Amino acid sequence: MTAPGGSPREAVERTARAVMTGNLAQVMADLAPEALTQLMQLASGAQGLSPAQLPSIDRYEVTEVSSGEAEAVYRVAFVSSMGSATLETTWRPILGQWKIAAVSLVSAEVSPGGS
């Protein structure tokens with residue numbers, strides 16, 4: 001399904017770019033309220049490697065886990081010189097826009113020499 005706001009993949013890419021560039025307004029616009037709560041809880045438990053805490057994210061990688069008309073799941077790995085953090089995001093069309101309905105931390109890895 002392509003909601004009026006585009007495809008779920010387009011929404012994932014837009015949000016990942018927003019995280020990488022520090023565009024908090026776009027990130028907030030793409031979060032459903034329950035996902036915002038989950039994201040705030042993640043920030044404290046990721047060994048300092050949640051995307052919000054990574055210094056100057058160099059790149060991100062998006063992997064589709066599943067995609068359907070009512071829900072799409074993607075993993076997004078954010079990579080910096082300090083390490084990487086991978087999130088699993090569940091997207092649902094809400095009021096005509098694909099939004100993050102759930103988010104969880106899949107992994108957080110410190111790079112050798114990063115701390």
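The values are calculated or read from the model by the stated rules, or taken from the named source; none is laboratory data. The structure displayed is predicted, hence computed values, not measured ones. Note that we place each Cβ from the backbone using ideal geometry, even for glycine, and neighbour counts take in every protein chain shown. With ligands, DNA and RNA removed, areas are computed over all heavy atoms of the protein, side chains included. Shrake-Rupley method; radii C 1.70, N 1.55, O 1.52, S 1.80 Å.
Note on segment 10-28: residues that are more than 21 Å from residue 58 (Cβ to Cβ) and modelled with pLDDT of 95 or more total 2. Condition first: at pLDDT below 90 and open to solvent by 20 Å² or more (accessible area, probe 1.4 Å). Now tell me which residues in segment 76-94 satisfy that. 81, 82, 84 - these are the residues of segment 76-94 that are at pLDDT below 90 and open to solvent by 20 Å² or more (accessible area, probe 1.4 Å). Quick test of your reading of the structure: residue 73 fulfils all but one of (1) surrounded by 14 or more Cβ atoms within 10 Å (Cβ to Cβ); (2) of a type in the set (A, V, I, L, M); (3) farther than 21 Å from residue 28 by Cα; (4) free of Cβ contacts under 8 Å to residues at least 24 places away in the same chain. Name the failing condition by number. All conditions pass for residue 73, except number (3). Among the residues of segment 87-106 satisfying the criterion of being among the aliphatic types (A, V, I, L, M) and in contact (Cβ under 8 Å) with a residue 40 or more places away in the chain, which is farthest from residue 42 (Cα to Cα)? Within segment 87-106, the match that is farthest from residue 42 (Cα to Cα) is 94. Scanning segment 6-35 for residues that are touching a residue at least 24 places away in the same chain (Cβ under 8 Å), part of a helix (DSSP H, G or I) and open to solvent by less than 60 Å² (accessible area, probe 1.4 Å) yields 8, 11, 12, 13, 15, 16, 19, 35.
Looking at 50, 107, which one is open to solvent by 30 Å² or more (accessible area, probe 1.4 Å), of a type in the set (Gly, Ala, Ser) and either at pLDDT below 90 or part of a strand (DSSP E or B) (or both)? Don't jump to the end; show me each part of the working.
On the way: 50 fails: open to solvent by 30 Å² or more (accessible area, probe 1.4 Å).
Result: 107 is the single residue among 50, 107 that is open to solvent by 30 Å² or more (accessible area, probe 1.4 Å), of a type in the set (Gly, Ala, Ser) and either at pLDDT below 90 or part of a strand (DSSP E or B) (or both).
Among the residues of segment 76-86, those that are assigned to a strand (DSSP E or B), in contact (Cβ under 8 Å) with a residue 24 or more places away in the chain and not aliphatic (A, V, I, L, M) comprise 78, 80, 83, 84.
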